[in-house]
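One structure is given below, encoded as structure tokens.
The values are calculated or read from the model by the stated rules, or taken from the named source; none is laboratory data. Predicted, not measured: the structure shown is a model, and the values here were computed from it. Every residue, glycine among them, receives a Cβ derived from its backbone with ideal geometry; neighbour counts consider all protein chains shown. Surface areas here come from the heavy atoms of the whole protein model, side chains and all, with no ligands, DNA or RNA. Shrake-Rupley method; radii C 1.70, N 1.55, O 1.52, S 1.80 Å.
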Amino acid sequence: MLSGDRLGFDSHCHLHFHHFDEDLSQVIKNSKEAGISHIMIPSIDLDTAEIAAEIAEKYNLYAAAAFHPEHLPQKSESEMEWKKLRHILLKPEVIAIGETGLDYFHKTFDPEYQRYWFEKHIKFAEATGYPLIVHSRGAEPEVLKELPESVSFPVILHCWGGDESLTDIAVARGFYIGVDGPLTYKKNKKYRELIKRIPRNRLLVETDSPFLPPEPYRGKRNEPAYTSYIIRMVRELWGENLSIENTSFTLWQNAMRAYRLHPDNRRTDIVYQYGKLLYVNLTSRCQNDCSFCIRQFEDGLGGYFLTHETDPSEELVLSSIMAFPIEDFEEVVFCGFGEPTSKVDLLMKSAELVQASGVKTRLNTNGLCTAFLNDFQVKNLLSCFDSVSISLNASGAKQYNRICSPSIDGSWEHLMRFIKLVKSTGITAKVSAVNNSGADLQRVKALAERLQMPLRIR
Ligand code: SF4
């Protein structure tokens, strides 16, 4: 067994099943001691998705949510169940959609109905960039057929059972392939030969616990700690005197990339839920560099990863917004980890999209857009919102420059002009300031009164 503070990833295990009710904490402890530092818990329906998310939150693991092809909702409940699933997919620890796919071995549901649901899950992954965890049993060619030729999201073919030619196709399309305990079974020579065809950067190890235990535990309950047996077998197959640690690290990196957790391809949350409100995170750009800005200390909030290395495309932002059940929220706030007016065209398009769904919109802004928009354009922008919250943060230019370090000359004047324009439109508005930021809050309060704007101290 591996041990110590090593990096290892069980890329697929069902800790939500009742098999772990009695000793879940111990099972997770065992995995850490065996060097399996990261665990993904995919689910099969709404109940297990909720449990998987709870476990992931409690133990700092990852979860995925989906309807397994053997556990699909009844036709009459389809839309409601799908909506509930998309609410679960909003949770910060739920970072992938899975497991979904096709199962023509059990055929609990007819193939056409299975394909309908598989397609729904694929479309969600396409819209959001969430990794897609695919189950296929007796349906490997059909699964490959259903998946788009070119994908903008990682595809993880869990517990892959395709033959050589299907494996070659999957590999050529850049999919990740998950291998399990049976790789260690003495008679499974063919399976081991197949694994040799998979490029090292596409292979994932998974236990599929509580099922498919490796050789020494056949007939017993499987658990994530036993990933180490599969890693050992992969090391043997890879040869070249690789150490167990290096093998485990390579496979860990693969899983980090597959689940978009790796710095190389980290997925940034565009839509996120905080309390009862939904937020849209368009950009990490900002004209200011406020001393209190959370971006100075964190890369996210509430468990979400919100730092954009590069701004997301318009297509991804709009499709991400529409992928989630926004109509169930009272208000959608355009805020995020940067200044939303830095992307003014996309901001307006996104807000209009939300408004068209009958949901209220709020803009949280530093109010500096008057530096690059004329009065007409600012009013046009404001027409996309039901309310606006403006960061005032100071009682005058000198204090503002000290606290907010703006990159735009005359920022204070731009901010004052923005407030004037906001007032002229009659839109619901307030200003805000941050406690302990070094601002003289009494003076800020007096200024807000003079401006006749409600003040919120954050
Ligand atoms: S204006 Fe907002 S996003 Fe920009 S630096 Fe200040 S706190 Fe951060």
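So how many residues does region 4-27 have that are open to solvent by less than 10 Å² (accessible area, probe 1.4 Å) and more than 23 Å from V134 (Cα to Cα)?
2
Which of the residues that make up region 321-335 are open to solvent by less than 60 Å² (accessible area, probe 1.4 Å) and either part of a loop (DSSP other than H, G, I, E, B) or within 16 Å of the ligand (Cβ to nearest atom) (or both)? Walk me through it before giving the result.
Of all residues in region 321-335, those open to solvent by less than 60 Å² (accessible area, probe 1.4 Å) come to 321, 323-326, 329, 331-335.
Answer for region 321-335, where residues must be open to solvent by less than 60 Å² (accessible area, probe 1.4 Å) and either part of a loop (DSSP other than H, G, I, E, B) or within 16 Å of the ligand (Cβ to nearest atom) (or both): F324, P325, F329, V333, F334, C335.
Give the residues of region 148-172 that are under 21 Å from I95 (Cα atoms) and outside any loop (DSSP other than H, G, I, E, B), sorted by residue number.
V155, I156, L157
Which is among the small types (G, A, S), within 13 Å of the ligand (Cβ to nearest atom) and crowded, with 23+ Cβ neighbours inside 10 Å, of A394, A351?
Details: A351 fails: within 13 Å of the ligand (Cβ to nearest atom).
Of the residues listed, the single one that is among the small types (G, A, S), within 13 Å of the ligand (Cβ to nearest atom) and crowded, with 23+ Cβ neighbours inside 10 Å is A394.
Between E99, E79, E70, which is assigned by TED's automatic domain parsing to the domain that holds S37 and part of a helix (DSSP H, G or I)? Break it down into steps so the answer makes sense when it comes.
Numbers: E99 fails: part of a helix (DSSP H, G or I); E70 fails: part of a helix (DSSP H, G or I).
Answer to the selection: E79.
Can you name every residue in region 214-227 that is buried (at least 18 other Cβ atoms within 10 Å of the Cβ) and farther than 17 Å from Q26 by Cβ?
Scanning region 214-227 gives a single hit, P214.
Any residue that is in contact (Cβ under 8 Å) with a residue 12 or more places away in the chain, within 30 Å of E315 (Cα to Cα) and open to solvent by 10 Å² or more (accessible area, probe 1.4 Å) - is there at least one of those in region 96-112?
No, every residue in region 96-112 fails to be in contact (Cβ under 8 Å) with a residue 12 or more places away in the chain, within 30 Å of E315 (Cα to Cα) and open to solvent by 10 Å² or more (accessible area, probe 1.4 Å).
Restricting to region 294-320, name every residue that is over 16 Å from the mean Cα position of the chain (by Cα) and either open to solvent by less than 20 Å² (accessible area, probe 1.4 Å) or within 9 Å of the ligand (Cβ to nearest atom) (or both).
I294, R295, Q296 - these are the residues of region 294-320 that are over 16 Å from the mean Cα position of the chain (by Cα) and either open to solvent by less than 20 Å² (accessible area, probe 1.4 Å) or within 9 Å of the ligand (Cβ to nearest atom) (or both).
Would a scan of region 173-182 turn up a residue that is touching a Leu at 6+ places or on another chain (Cβ under 7 Å), buried (at least 24 other Cβ atoms within 10 Å of the Cβ) and part of a helix (DSSP H, G or I)?
Yes, the conditions are met somewhere in region 173-182.
With respect to G367, determine if the residue is closer than 24 Å to L85 by Cα and either touching a helix residue (DSSP H, G or I) at 6+ places or on another chain (Cβ under 7 Å) or of a type outside the set (F, W, Y) (or both).
Spelling it out, it is not the case that G367 is closer than 24 Å to L85 by Cα and either touching a helix residue (DSSP H, G or I) at 6+ places or on another chain (Cβ under 7 Å) or of a type outside the set (F, W, Y) (or both).
Of everything in region 401-448, what is free of Cβ contacts under 8 Å to residues at least 24 places away in the same chain and more than 16 Å from C369 (Cβ to Cβ)? Give them in sequence order.
N401, G426, N435, L441, Q442, K445
So, of the residues in region 53-73 that are in contact (Cβ under 8 Å) with a residue 40 or more places away in the chain and open to solvent by 50 Å² or more (accessible area, probe 1.4 Å), which turns out to be nearest to Y259 (Cα to Cα)?
The qualifying residue nearest to Y259 (Cα to Cα) is Y62.
So which residues in region 272-281 are under 28 Å from W252 (Cβ atoms) and away from the ligand (no atom under 15 Å from the Cβ)? If you could, list the steps in order and put the result at the bottom.
Initial filter on region 272-281 (under 28 Å from W252 (Cβ atoms)): 272, 281.
Passing the criteria: only Y272.
Output the residue which, of all residues in region 183-204 that are touching a residue at least 24 places away in the same chain (Cβ under 8 Å) and among the charged types (D, E, K, R), is most open to solvent (accessible area, probe 1.4 Å).
If we take residues in region 183-204 being touching a residue at least 24 places away in the same chain (Cβ under 8 Å) and among the charged types (D, E, K, R), then K186 is most open to solvent (accessible area, probe 1.4 Å).
What number of residues in region 228-270 are assigned to a helix (DSSP H, G or I), hydroxyl-bearing (S, T, Y) and either open to solvent by less than 50 Å² (accessible area, probe 1.4 Å) or within 30 Å of R285 (Cα to Cα) (or both)? Steps first, please.
Narrowing region 228-270 to residues assigned to a helix (DSSP H, G or I): 228-238, 244-258.
From what's left, hydroxyl-bearing (S, T, Y): 228-229, 247-248, 250.
Filter once more, so that each one left must be either open to solvent by less than 50 Å² (accessible area, probe 1.4 Å) or within 30 Å of R285 (Cα to Cα) (or both): 228, 247-248, 250.
Qualifying residue count for the region: 4.
Anything in region 414-446 that is away from the ligand (no atom under 16 Å from the Cβ) and open to solvent by 80 Å² or more (accessible area, probe 1.4 Å)? List them, or say none.
Within region 414-446, R417, K420, K423, T428, Q442, R443, K445 qualify.
Just need a number here: residues in region 28-47 that are of a type in the set (S, T, Y) and surrounded by fewer than 22 Cβ atoms within 10 Å (Cβ to Cβ).
Residues in region 28-47 being of a type in the set (S, T, Y) and surrounded by fewer than 22 Cβ atoms within 10 Å (Cβ to Cβ): 1 in total.
Considering S291, S284, which residue is open to solvent by 40 Å² or more (accessible area, probe 1.4 Å), within 16 Å of the ligand (Cβ to nearest atom), small (G, A, S) and in a loop (DSSP other than H, G, I, E, B)? Spell out how you get there, then give the answer.
Numbers: S284 fails: open to solvent by 40 Å² or more (accessible area, probe 1.4 Å).
Among S291, S284, only S291 is open to solvent by 40 Å² or more (accessible area, probe 1.4 Å), within 16 Å of the ligand (Cβ to nearest atom), small (G, A, S) and in a loop (DSSP other than H, G, I, E, B).
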